[in-house]
Structure formats: structure tokens, C-alpha cells
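Everything on this sheet refers to the single structure shown next.
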Amino acid sequence: MTEQKPIHYFVCSVGSDSLHLDNRTEENTIVEYFDSEEDVDLAKFAEIVKSKPNCVQKHFIVCEGTEYCAVETDNVENTYIFSSRLKYRFVPKLAAGTATIDMFIEKDKLLGDRATKLDGQSGFKLCDTNGKIIPDGKEFAIQILRDSEDKLDEEYEEETEGLSEEELLF
């Protein structure tokens with residue numbers, strides 16, 4: 001088995017999500033830092049990556065804050081923005097060549113189209129425990145009853161520890 005080439009990260013030195021070198025997404029990386037958003041020059045970054053034949057040549061990652069952007073080296077207009085939560089699924093596939101930016105863009109488009117088609121057309125109506133329909137716009141609460149509630153809550157808390165509400169909803 002051949003060792004996978006490292007992927008190149010360009011990371012803002014101020015306020016960026018830190019890279020954790022003890023995980024599979026970031027253990028095999030080349031990291032270069034830039035000082036501010038004004039220093040982001042995707043064409044220049046692409047040339048830097050092309051000059052390093054021992055790294056992944058097709059893509060590189062730009063990190064500003066907690067937002068990541070995958071950029072195609074030969075076409076810097078082709079980008080895909082993703083959260084730090086998604087990088088653990090996205091970056092290994094990109095680095096291994098098993099996925100491309102276009103594949104993720106298409107997947108997002110399909111999910112968006114699907115949500116648009118379902119929006120308001122599914123015929124779904126929320127009902128209370130007596131079967132009475134809850135009108136649109138009315139606030140409500142749902143209580144989910146489980147047998148071993150404590151154990152499930154502990155497992156859920158471990159899996160979601162450190163995630164923002166936005167990341168949990170994705």
C-alpha cells in the first residue's frame with residue numbers, strides 16, 4: 001500500500017480553527033500560514049501547491065476561522081466551502097482522490113433540490129397527542145420518551161460534545 005500524499009493547507013494565523021495533528025484528517029498535511037483575509041490569493045496558493053510535487057496536486061484547503069474552503073488547483077474558481085465538522089469526512093476523500101469538489105457540489109445541489117421539492121408539498125401535518133393539527137407558526141415542544149433515557153442522553157452528549165447548534169442541525 002502506497003502512502004497517501006499530504007494535502008496542503010493555507011491557514012489564517014489569526015483566529016483560525018486549529019489543526020489537530022493527532023487525527024487522520026490532519027496528520028499528513030503541509031501547512032502554510034497567512035496573516036489576514038487580504039492575503040488570500042488563490043492563484044498564488046495554487047502555484048505554491050504545483051511547485052510541491054510530493055503533495056496532493058489537484059486540490060488544496062484554505063482555512064479562515066472555522067470555515068474551510070477546498071480549491072481545485074487547475075481552476076481556482078471551483079471551490080467548496082465546508083465546516084470544521086465536515087472536514088473529517090470531506091478532506092480524506094479529497095486527498096485520496098476518491099471524491100472531487102464537483103461531486104460534493106452536486107450532492108449539495110441534489111439535497112437542496114430535494115428539500116425545495118418537499119417544502120410544503122409533503123402533506124405532513126403536525127398533530128398533538130389528541131390528533132389535533134398544530135397550526136403553522138405556532139410554537140410547540142416535543143417530548144420523546146425512551147426506556148433507558150439516561151444512557152442514551154450520555155451517549156448523545158459524548159457524540160455531540162463541542163459542536164455548535166448549527167453543526168448539529170446539518
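On a per residue basis, segment 58-100 carries 46 Å² of accessible surface, using protein heavy atoms and a 1.4 Å probe. Rounded to the nearest 0.05, the FRET efficiency derived from the C-beta distance between K93 and S36 at R0 = 25 Å is 0.25.
The values are calculated or read from the model by the stated rules, or taken from the named source; none is laboratory data. From a predicted model like this one, the values you see are computed outputs, not experimental measurements. For neighbour counting, all protein chains shown are included, and Cβ atoms are generated from backbone atoms with ideal geometry for every residue, glycine included. Quick note on the areas: whole protein, heavy atoms, side chains included, nothing else; ligands and nucleic acids left out. Shrake-Rupley method; radii C 1.70, N 1.55, O 1.52, S 1.80 Å.
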